[in-house]
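Every number here is computed from the coordinates shown, using simple stated rules; none is lab data. All of these numbers come straight from a predicted model, not from anything done at the bench.
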Amino acid sequence: MATEFQIGEAARRATVTVDAIRFYERRRLLPKAPRTPGRYRLYTIADVARLRFIRRVQALGFSLAEIQQLIELRERRNGACAPVRDLLRAKLADVRARLVHLHALENELRRDLRRCQQQLRQARAGRVVPCRVLADMDRQRRSEPQEGARGGRK
């Protein structure tokens, strides 16, 4: 069994794309692979493990900068628990804040959907009026500060 793989095989084993591997190398999340005389990149089992690690923590929502920190902590092994805990706490707080925003968005969409359904019932009764939800969305858009406009927030 080979201990080194060309980029396609490494990608297949790590379930990432070849382009992802090249991207991670450019971002220094993965060390540059040594090359064969024919200029083919060669990756090790450790590289494949690192690629899987990157994919996993990226799926958890960590940014590339955070992934770099986690890789450094992973390589350090000893004394990494407290900084990992801090990164996890920060990510959890971020996820919770996004959930609050998503719940508010869900409520707004449900409210607009109810308004549309009411308006459609009125339309079936023979009364045709412009869509109030679209009109409200347009009013909200126009009332928001424009970037670069005088007096607007930047």
Between Arg111, Arg89, Arg98, find the one with the highest GNM mean-square fluctuation for the chain; connect C-alpha pairs within less than 10 Å.
Arg111
In degrees, nearest ten, helix 132-143 long axis to first principal axis of the chain (Cα)
70
What is the ratio of the Cα radius of gyration of segment 1-77 to 2.2 N^0.38 Å, with N the residue count, to two decimals?
1.07
Where only alpha carbons of the chain are counted, the Rg and the Dmax (Å):
25.4, 78
Inter-centroid distance (Cα atoms) of segment 41-103 relative to segment 1-39, Å:
20
In degrees rounded to 10, the 0-90 angle between helix 45-59 Cα long axis and the longest Cα principal axis of the chain is 10
Ellipsoid semi-axes in whole angstrom, largest first, where each is sqrt(5λ) of the Cα gyration tensor of segment 32-84:
26, 13, 9
Could you derive backbone 3J(HN,Hα) for segment 104-114 from the dihedral phi with the Karplus parameters 6.51, -1.76 and 1.60 (θ = phi - 60°), listing whole Hz in sequence and x where the residue is Gly or Pro?
5, 4, 4, 4, 5, 5, 4, 4, 5, 5, 4
